[in-house]
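Visitor: My questions will all concern the structure given below.
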Amino acid sequence: MVNVPKTRRTFCKKCGKHQPHKVTQYKKGKDSLYAQGKRRYDRKQSGYGGQTKPIFRKKAKTTKKIVLRLECVEPNCRSKRMLAIKRCKHFELG
């Protein structure tokens, strides 16, 4: 179990000094329907013929690396950066 505080004083690249940062967990955005690979895949899948690309089934890892999203709390800065920490099964903020 990894418990990370919701705020952290760390270096801000934009301010050029240590500032308090708000910590949240990074989440992947929604996949775009219009990315080149998705358009190509949809075109290939359409019509008769079943699944055309291999479906990956040999997953090796049971956990993902946790990525923290740090946002500077300075009102006129608000710069954001990512910070990866180690793998863990259980993660919580606060």
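Laboratory data are not the source of any read-out in this text; all were calculated from the coordinates shown. Computed from a prediction, not measured in an experiment: that's the story for all the values here. Here the Cβ is made from the backbone with ideal geometry for all residues, glycine too, and neighbour counts use every protein chain on show.
Visitor: For an R0 of 30 angstrom, estimate the FRET efficiency from the Cβ-Cβ distance between residue 65 and residue 15 and round to the nearest 0.05.
Guide: The formula returns an efficiency of 0.65 here.
Visitor: Rounding to the nearest 10 and keeping the result within 0 to 90°, find how far the Cα-based axis of helix 36-45 lies from the longest principal axis of the chain.
Guide: 30 degrees
Visitor: Which option, (1) 56; (2) 29; (3) 24, is the value of percent of Cα pairs over 21 Å apart that was calculated from these coordinates?
Guide: The listed entry that was calculated here is (1).
Visitor: How much mean residue ellipticity at 222 nm does the chain get from its helices, if each DSSP H run of length 4 or more adds -39500 (n - 2.57) and you divide by all residues, to the nearest 500 deg cm²/dmol?
Guide: My calculation for the chain gives -3000 deg cm²/dmol from helical runs alone.
Visitor: Let me ask something else. Non-local amide H neighbours of residue 91 (under 5 Å, H modeled in plane, Pro and chain starts lacking H): which ones?
Guide: Correct list: 2.
Visitor: Counting Lys and Arg as +1 and Asp and Glu as -1, what is the net charge of the other residues whose Cβ lies under 11 Å from the Cβ of residue 52?
Guide: Residues near residue 52 contribute +3 overall.
Visitor: So how far apart, in nm, are the two label points at residue 80 and residue 56 if each is 7 Å from Cα heading toward Cβ?
Guide: 2.4 nm
Visitor: Turning to a different aspect of this structure: Considering only DSSP beta bridges where both residues belong to the chain, give the percentage that are antiparallel (nearest 5).
Guide: Counting DSSP beta bridges with both partners in the chain, the antiparallel share is about 85 percent.
Visitor: In addition: For the chain, set up a GNM with springs between Cα atoms under 10 Å and report which of 50, 29, 16 has the largest fluctuation.
Guide: Evaluated over the chain, the most mobile residue of the options is 50.
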